[in-house]
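To keep things clear, I will list the structure first and then write my remarks on it.
The values are calculated or read from the model by the stated rules, or taken from the named source; none is laboratory data. Small disclaimer: the values here were computed from a predicted structure and weren't measured. As a convention, Cβ positions derive from the backbone with ideal geometry for all residues, glycine included, and neighbour counts pool all protein chains shown. Surface accessibility is based on the protein's heavy atoms, side chains included, excluding ligands, DNA and RNA. Shrake-Rupley method; radii C 1.70, N 1.55, O 1.52, S 1.80 Å.
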Amino acid sequence: MMAVEDVLDSPRGGETSATTLDVDRPDVTAYTALATELRDRVDGDVKFDEYAQVLYATDGSIYQARPAGVVLPRDADDVRATVETAANHGVPVLPRGTGSSLGGQTVGRGCVVIDFTKYMDDIVDIDPQARRATVQPGCVQDHLDAALADHGLKFAPDPASSNRSTVGGGIGNNSTGAHSVRYGITDAYTEELEVILADGSLIHTREVVLDSDEYDSILAQDDLEANIYRTVRALVENHEAEIENKYPSLKRSVSGYNLQKVIYENDDGEEVINLSKLFVGAEGTLGVIVEATVSLVTKPDETALALYCFDDLVDAMEAVPEALEFPVSAVELMDDEVFRLARESEGYAEYAEPIPEGAKAALMLEWDDELVDDFEAAVADTNAHFVDSGAAFDVLEAYSEESQGRLWKLRKAAIPLLMSLEGDPKPYPFIEDATVPPEELAEYVQKFEDVLESHDTSAAYFAHAGSGTLHIRPILNLKENEDIEKMHSITDDVTDLVVEHHGAFSGEHGDGMARTEFNPKMYGPELWGAFKELKTAFDPDWLFNPGNVVYRDGPSDPGPDSDRGVGADMRENLRYGPDYQSVEPQTDLDFDDEGGFSHLVELCNGCGTCRQTDSNTMCPTYRASKEEVQTTRGRANMLRAAISGELPEDELYSERFQTEVLDLCVGCKGCQSDCPTGVDMAKLKSEVKHQYHQKEGTSLRSRVFANVDTLSKLGSKLAPLSNVAAELPGSRLLLEKVLGIASERDLPSFSSESLEEWFEARGGSSVPPAEARGKVLLFPDTYTNYNYPEPGKAAVEVLEAANFHVRIPSDLEPSGRAAFSMGMLDTARDRARHNVGRLRPYVDDGWSVVFVEPSDAVMFQDEYLDLLDGTAVELVSGSAYGVMEYLDAVRADDHLDFDAPAETLTYHGHCNQKATNKDHHAVGVLRRSGYAVDPLDSSCCGMAGSFGYEEEHYELSKGIGEILFGQVDDSPGDVVTAPGASCRSQLGDRPGESRPPHPIEKLAEALD
């Protein structure tokens, strides 16, 4: 399979970058000299323009701080050069992975951000016998786990963001996840590191036996590394009693520095110092990790789940320590607010359906086959304890992978459900990460409830109850000063509560801007002073991510002769705040369901789900480019900056914004369903492109593509001459010069007989209306009608075989999909209005409207409701189906006889149908017809209508396509099938391959 990395390394890979577009990207004036010197010394990418600053100013937290710029290094030498150059200019350095941090530790004002995710993401080595792996910091954890799977191993910490978060980021954060009760946290598995220090030197951290020859040789160097070893040992030995007193005894405690873990007795009984343990959880404040060796665990083969339902939240909390007495691998909690939101959500309602009424909270217990031999017996034991003799009133048991997956989806739905609440008040993460001993959890929660009540707010409760970590997010409006102060007051009260219960302010998400301010309260003045001394030993000028984990109380504290690193206040550097204002534009599309245009933009919480590359659809352009600007998050951040005045007035309508931010969005709609908060970038793009056209006019190429139906009709009339003309020498170069259509692309050929003409010539439907099971209008989309009618003919054949009366209407306009995608909303609306007017009488008379082309079906089902309002469009939209969707919905195949070829089909679904949950129908029908089907978990094909034909997007389109081609090559299927015309074009352009059939063609072939 061709991975994302292979696309980037291929000859055309560099041209998938947005930087190949012909627009100016001037460096921000204040950093011109720094950027120039970095470009002279660094082989990787150096970006110091305003867009780069905006893109890296936020992460998954509530914070925003513009950096100086960003460097994407190719190797350790690039990192060293960056650190040295930044130091020469007195500019701080901030290492960053995916930027999914919830504490604000991956943003920093005026910093040089080092983003490892584009180039330094390799798995360097796997040693199955030693159970160790060595990776670069930008390696995504799921990619590592996938490589380990064949060895029966995994990296134990499992943060919920593992599909995009990096191992380096997890080390910086000391991450963990749902299975910390079984495995602990990242510091237990970080064995050796390669680190660039503040002076640019590279050190190798590992276990070093104290007072050994190796230890003495390190100290004899009398350099920065030697001073660090001396300082760390002295700090641990001089503060031994306070370390024992202040550090909580918890499975999860990631606040502050790991002074309690850096010196220990190893498996051989030797007292060792391992600086690796200090870098874990240091949030990039001590040095920059360029390589990590981690230990691994065996991967259980099977698991089981049981969900215990309680009618009282406190009863559920009191059951947690009892649950830990059983051999469980996870103990997770959800409350009734999560259940309520899930029931009200179209995307999650099915997962909440089994939860019984009256459940105020639920504990979810997991077992694995390394802990128990008999799952049913293990569950029976806990049933007897919690249901028969305890406070739980019901239990849901799950043994299959599918049933467990549904419960985990409900548990993991908590954050997206909460963050998608309407309006400005949101359940924000700032004290959601506190951890207390599980046996004190019930009392802690009751007191936390009192804190919330005293501040006149509420919260939902969920997450890792088994380790004492609850993600409790108070609902506040951080655009109002009163609620900002309330946030600070709540944090002050809750941290007091955590100290009272011998807990940690952070059990998973780190300190960052959210919690660093309160660390002196947890550790006391003695250890706080030790933290400052430690930081200064590693980083004398406090240039590494200053102000996180530890801060200077004043300029006289250890550190530089400046105010760098002085003070920490969680109320500063907020993404929103009392001064934040956004312009709510007058829109052509209806954004009422999203709370308005601005609210839809602001729904992006920065979690970075759009940077995952192994499943779902979002975001295909990022997968081919690995650039932040080509993510949904990046585009949303740019839109928010434009409408809030953070970017210059009218920047939204600049050539660069249009070509680099919006035009690189393929409009796949994947974010509509894959984004946890439903940021529909395709809709936002169409609206802004429309406004741009209103101001600047519409290009000739856009008008041509929007009206391709007219040209195709003419081409069909003139075929085959029109096909010959397209192949004449120089014709493609002429199209590229005049219209910007890539000369490398094969243009669609025209059919001399359109689908409409074929249907009329055969005398219409062979099934009389009076004898039919139902009546179907088959929509004659442009491509099926004029370019490749065979899928349309197959649709007629299958529908009639199932005894449906079929008609192909001749008085319809194109669906408007092409115009909508171009932002030509007036044209799209005119076509929608015409089609709805023509189809309404048919729908009232019981006809269904069926489409061969998925993008046209979804246009009717989804976008028409944004373009028009009223009963007519609702009725027509509700009667619109993709052809495979329709056959499945009415179970038409139950009335058909099949004799399918003995083939396995590789099925690539259409991204628009995936986004609207319509894609699964084809797989079901094909399987019931007798085919074996391998449905690919694939993204967009890269053609996306006209996108793949456009000269400036051709290389990116092919880069996206090559990822799909790799998935096809890895599939066991004999034949590829895809419903989308664009998808079939892209797949057909593979060397030596023909254009694949539509699923309806394969279904027609299977008819007996």
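Of note:
- Partnerless cysteines in the chain, where a partner means another cysteine C-beta under 4.7 angstrom, comprise 111, 139, 309, 604, 607, 665.
- One equal scatterer on each Cα of the chain, no solvent, Debye formula: the resulting log10 I(q)/I(0) at q = 0.04, 0.07 Å⁻¹ is -0.21, -0.64.
- Spatial separation of Cα centroids for the range 571-637 and the range 835-890, in angstrom: 29
- Shape call, the range 405-493: gyration tensor on alpha carbons, a/c limit 1.5: oblate
- GluC sites (Glu not before Pro) lying in DSSP loop within the range 344-377, provided at most 11 other Cβ fall within 10 Å: 344, 346, 357
- Shown here for the range 420-476: GluC sites (Glu not before Pro) in loop regions (DSSP other than H, G, I, E, B) with at most 12 other Cβ atoms within 10 Å, namely 422.
- Applying the Karplus relation 6.51 cos²θ - 1.76 cosθ + 1.60 with θ = phi - 60° to the range 103-118 yields 3J(HN,Hα) values of x, x, 7, 10, 10, x, 5, x, 8, 8, 7, 10, 9, 8, 6, 7 Hz, where x marks Gly and Pro.
- Using θ = phi - 60° and Karplus 6.51 cos²θ - 1.76 cosθ + 1.60, couplings along the range 502-508 (whole Hz; Gly, Pro as x): 6, x, 10, 5, 10, x, 7
- Tensor-based shape of the range 557-643 (alpha-carbon gyration tensor, a/c under 1.5 rounded, otherwise prolate or oblate): oblate
- Values of log10 I(q)/I(0), in the order q = 0.17, 0.19 Å⁻¹, for the range 38-197 under a Debye, Cα-only, solvent-free model: -1.00, -1.19
- With the helix formula -39500 (n - 2.57) applied to DSSP H stretches of n ≥ 4, the chain reaches a computed 222 nm mean residue ellipticity of -11000 deg cm²/dmol.
- Surface accessible to a 1.4 Å probe, residue 313 within the full protein complex, Å²: 30
- The share of accessible area on the chain that comes from carbon and sulfur is 44 percent, using a 1.4 angstrom probe.
- Where the range 155-239 is the region considered: accessible area per residue in Å², 1.4 Å probe: 33
- Placing +1 on the Cβ of every Lys and Arg and -1 on the Cβ of every Asp and Glu, with no other charges, gives the range 848-989 a dipole of roughly 320 debye about its Cα centre.
- Other residues lying with their Cβ under 13 Å from the Cβ of residue 975 contribute a combined charge of -3, Lys and Arg counting +1, Asp and Glu -1.
- Gyration tensor verdict on the range 16-116 (Cα atoms; rounded if a/c is under 1.5, prolate if a/b is larger than b/c, oblate otherwise): rounded
- Too-long pairs where the Cα-Cα distance tops 23 Å, listed order kept, from 685/713; 299/626; 426/918; 479/695; 669/689: 685/713; 299/626; 426/918; 479/695
- Taken per residue, the accessible surface of the range 383-447 reaches 42 Å², heavy atoms only and a 1.4 Å probe.
- Given charges at Cβ of Lys, Arg, Asp, Glu: the chain dipole, positive-most of 622, 980, 184: 980
- Of the beta bridges in the chain, as assigned by DSSP with both residues counted there, near 70 percent are antiparallel.
- The residue among 664, 612, 632 whose Cα reaches farthest toward the positive pole of the charge dipole of the range 600-709, with charges on the beta-carbon of Lys, Arg, Asp and Glu, is 612.
- Residue (of 711, 724, 734) at the positive-pole extreme of the range 700-742, dipole from beta-carbon charges: 711
- Translational diffusion coefficient (Stokes-Einstein; Kirkwood radius from C-alpha pairs) of the range 765-852 at 37 °C, 0.692 mPa s, in µm²/s: 237
- Dipole size of the chain about its Cα centre, with +1 on Lys/Arg Cβ and -1 on Asp/Glu Cβ: approximately 3480 debye, rounded to the nearest 20.
- Cα-based reach from residue 535 at 23 Å (exclusive), listing lysines while leaving out same-chain residues under 8 positions away: 246, 261, 277, 521
- Cα-based Rg of the range 241-298 normalised by 2.2 N^0.38 Å, two decimals: 1.26
- FRET E, pair residue 127, residue 993, Förster distance 56 Å, beta-carbon r, rounded to 0.05: 0.90
- Sparse-neighbour loop sites [chymotrypsin sites (Phe, Trp or Tyr not before Pro); the range 41-77; at most 15 other C-beta within 10 Å; DSSP]: none
- Excluding ligands, DNA and RNA, the accessible surface per residue across the range 466-563 is 29 Å² with a 1.4 Å probe.
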